[in-house]
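J.: Can you keep this structure in mind? I'll have questions shortly.
The values are calculated or read from the model by the stated rules, or taken from the named source; none is laboratory data. The structure presented is a predicted model; accordingly, all values stated were derived computationally and were not measured. For neighbour counting, all protein chains shown are included, and Cβ atoms are generated from backbone atoms with ideal geometry for every residue, glycine included.
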Amino acid sequence: MNLFSYSNLHNFIWFQGIWFAAIFGGNQGLWLTLIAFAIVGHFFWVENWLQELKHILACCAVGLTVDTLLTLNHIFEFPEHATILPIPIWLIAIWIAFTGTLKHSLNYLVKKPILMTFLAGLTAPLSYIAAARVGVVNFPLGYLNTFLIVGASWMLMVPIFYWLQTHFDKNSNKTGN
């Protein structure tokens, strides 16, 4: 039993907190520890943590694959990146947090995939631009080209997120979870 109701507002604030901590904290241990605790906390607050974990992992795999491909193709460069992964750990944390909003604070948009696809194509690149303005990512192709590429990438990912959510919801209803 949860100590309090995990509302869409809580979920939205949770995501924003992780986004800011990741962007401004980078790969520093203290920030990553706080982010990890926040992510674990999410699973204590949701009704079915196992179903939520499966959904997050599936959607995260899509986003991380796309951002890895964009990085390997020099759309993104991370100036202070010092791990063996192509993308920094803080970006992985943001993807985990973002996909944790799909069944909660962004659920109203996920249920409207055409609108969400259009909005994601316009607004998601702004998140990357904000990160670039802070200096944690560079755009070798410039802002406009990166905006267009990231926007197109998100417009391709959103239908996959929609399909994954309906798939997980359907399977959840079959098993009675």
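J.: Any idea which of (1) modelled with pLDDT under 90; (2) in contact with a Phe, Trp or Tyr (Cβ under 8 Å, 6 or more places away or on another chain); (3) more than 19 Å from Thr101 (Cα to Cα) is the one Asn2 doesn't satisfy?
T.: (3)
J.: How many residues does segment 15-50 hold that are among the β-branched types (Val, Ile, Thr) and within 10 Å of Ala97 (Cα to Cα)?
T.: Of the residues in segment 15-50, 3 are among the β-branched types (Val, Ile, Thr) and within 10 Å of Ala97 (Cα to Cα).
J.: A further question follows. Of the residues that sit in segment 57-90 and are in contact with a strand residue (DSSP E or B) (Cβ under 9 Å, 6 or more places away or on another chain) and buried (at least 17 other Cβ atoms within 10 Å of the Cβ), which one is farthest from Lys103 (Cα to Cα)?
T.: The qualifying residue farthest from Lys103 (Cα to Cα) is Phe78.
J.: Suppose we filter Tyr128, Tyr108 for residues that are modelled with pLDDT under 95 and either part of a helix (DSSP H, G or I) or farther than 21 Å from Ile75 by Cβ (or both); which single one remains?
T.: After ruling out the rest, the residue left standing is Tyr108.
J.: While we're on this one: Do we find that Leu85 is over 19 Å from Gln165 (Cβ atoms) and without any contact (Cβ under 8 Å) to a residue 60 or more places away in the chain in this structure?
T.: So Leu85 passes the test.
J.: Could you tell me which of the residues Thr117, Thr83, Thr68 is more than 12 Å from the chain's Cα centre (by Cα), within 19 Å of Ala22 (Cα to Cα), among the hydroxyl-bearing types (Ser, Thr, Tyr) and assigned to a helix (DSSP H, G or I)?
T.: Matching residue, one of Thr117, Thr83, Thr68: Thr68.
J.: Select from segment 1-56 the residues that are among the hydrophobic types (A, V, I, L, M, F, W, C) and assigned to a loop (DSSP other than H, G, I, E, B) and write down the one among them that is surrounded by the most Cβ atoms within 10 Å (Cβ to Cβ).
T.: Among those residues, the one meeting the criterion is Val46.
J.: Being buried (at least 19 other Cβ atoms within 10 Å of the Cβ) and in contact (Cβ under 8 Å) with a residue 12 or more places away in the chain is true for just one of Ala130, Ala97. Which residue is that?
T.: Checking each option against the conditions leaves just Ala97.
J.: Next up: Do we have any residue at all in segment 110-117 that's surrounded by 12 or more Cβ atoms within 10 Å (Cβ to Cβ) and either more than 21 Å from Ala152 (Cα to Cα) or acidic (Asp, Glu) (or both)?
T.: No, the conditions are met nowhere in segment 110-117.
J.: Residues in segment 147-163: is at least one crowded, with 16+ Cβ neighbours inside 10 Å, over 18 Å from Thr71 (Cβ atoms), within 14 Å of the chain's Cα centre (by Cα) and touching a residue at least 60 places away in the same chain (Cβ under 8 Å)?
T.: Within segment 147-163, one or more residues are crowded, with 16+ Cβ neighbours inside 10 Å, over 18 Å from Thr71 (Cβ atoms), within 14 Å of the chain's Cα centre (by Cα) and touching a residue at least 60 places away in the same chain (Cβ under 8 Å).
J.: Quick one: in segment 123-146, of everything that is among the β-branched types (Val, Ile, Thr) and within 17 Å of the chain's Cα centre (by Cα), which residue is nearest to Pro113 (Cα to Cα)?
T.: Thr123
J.: Continuing with this model, one more query. Looking at (1) within 16 Å of Met157 (Cβ to Cβ); (2) more than 17 Å from the chain's Cα centre (by Cα); (3) in a helix (DSSP H, G or I), which is the only condition Ile75 fails?
T.: Condition (3) is where Ile75 drops out.
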